[in-house]
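Peer 1: Have a look at the structure that comes next, please.
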Amino acid sequence: MLEINDVEFSYQNQEVFTGLNFKLLPGEFTFLIGKSGAGKSTFLKLIYMDLLPQKGYVRFEKYDSSVIKNRDIPFLRRKMGVIFQDFKLLRDRTVYDNLAFVLEVTGTPGKEIRKRVFDSLTEVGLLHKQKNYPHELSGGEQQRVAIARAIINHPVLLLADEPTGNLDPETSNEILEILKKINSRGTSVICATHNYDLVRKFNTRIIKLEHNKAVKVVIKPKAVLYT
Ligand SMILES: Nc1ncnc2c1ncn2[C@@H]1O[C@H](COP(=O)(O)OP(=O)(O)OP(=O)(O)O)[C@@H](O)[C@H]1O
Ligand SMILES: [Mg+2]
């Protein structure tokens, strides 16, 4: 489903990856770890093709970074959901409108929008907050809204960049449980994190980025996919 093949990537003079290889199977869950500056955010940006490699390729379903046209990138993004440490909700819109906005821009009919917003908010347990604005929610609730927004198009892949970075341990656990639940319904998940307590708790595949260059794949002996 996702393949990174022999990728080289540098910012101006900052080399981040050389010979980067990675594969993700449908339905797989993996953590992405590595110290600050190791390239976790860059890795995720290469996957949603916000950045394109200088060498090698990233292939996601039928999209290939070495030949993709700019006009195809929005279609690729509709098959992925992305969440960030700082939630990135629109402050001047209600929870409902934050979610509906994603579907309005793609011309989804109103009835379908209402159904999908309802389903997504139900999935993260926040239907009762649909009329609230982001500043009226706790950090954990805002992240749950961001997750609801990310899954509204039923993505095959969910990318999370430090989704628990601003949250306390208990709330972080809840967010991970939600990601795990989404994964159990078939969506693949890549979750970048500094939070090693969480990584230890959720026994699954772990990818480590090291030396700002290579990727080392560490798989726990007893790694299991969520069932
Ligand atoms: N837009 C940019 N221009 C130039 N260099 C950049 C840019 N973004 C990131 N870098 C550099 O690329 C390297 C990888 O950065 P990246 O943000 O991917 O790391 P990270 O693993 O996500 O770090 P953190 O854990 O702090 O979020 C770092 O050395 C960083 O300084
Ligand atoms: Mg980062």
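Peer 1: Out of the stretch 155-181, which residues are part of a loop (DSSP other than H, G, I, E, B) and farther than 12 Å from Gly81 by Cα?
Peer 2: Glu162, Pro163, Thr164, Gly165, Asn166, Leu167, Asp168
Peer 1: Any idea which of Ile152, Ile190 is part of a loop (DSSP other than H, G, I, E, B), of a type in the set (Val, Ile, Thr) and either under 14 Å from Met80 (Cα atoms) or open to solvent by 10 Å² or more (accessible area, probe 1.4 Å) (or both)?
Peer 2: Matching residue, one of Ile152, Ile190: Ile152.
Peer 1: Is it fair to say Leu20 is within 14 Å of ligand 1 (Cβ to nearest atom), more than 14 Å from the chain's Cα centre (by Cα) and open to solvent by less than 10 Å² (accessible area, probe 1.4 Å)?
Peer 2: yes
Peer 1: Of everything in the stretch 74-97, what is surrounded by 15 or more Cβ atoms within 10 Å (Cβ to Cβ), in contact with a strand residue (DSSP E or B) (Cβ under 9 Å, 6 or more places away or on another chain) and among the hydrophobic types (A, V, I, L, M, F, W, C)? Give them in sequence order.
Peer 2: Matches in the stretch 74-97: Leu76, Met80, Val82, Ile83, Phe84.
Peer 1: Any chance you could count how many residues in the stretch 156-171 are at pLDDT 95 or above and either charged (D, E, K, R) or more than 16 Å from ligand 1 (Cβ to nearest atom) (or both)?
Peer 2: Final tally of qualifying residues: 5.
Peer 1: Which pairs turn up if I take residues in the stretch 41-63 that are over 17 Å from Asp161 (Cβ atoms) and look for partners that are hydroxyl-bearing (Ser, Thr, Tyr) and surrounded by fewer than 17 Cβ atoms within 10 Å (Cβ to Cβ) with beta carbon separation below 6 Å, at least 6 apart in sequence or on another chain?
Peer 2: What qualifies is Tyr57/Ser66.
The values are calculated or read from the model by the stated rules, or taken from the named source; none is laboratory data. Predicted, not measured: the structure shown is a model, and the values here were computed from it. Cβ atoms come from the backbone with ideal geometry, glycine included; neighbour counts cover every protein chain shown. The protein model used for the area step is the full one, side chains on, heavy atoms only, and it has no ligands, DNA or RNA in it. Shrake-Rupley method; radii C 1.70, N 1.55, O 1.52, S 1.80 Å.
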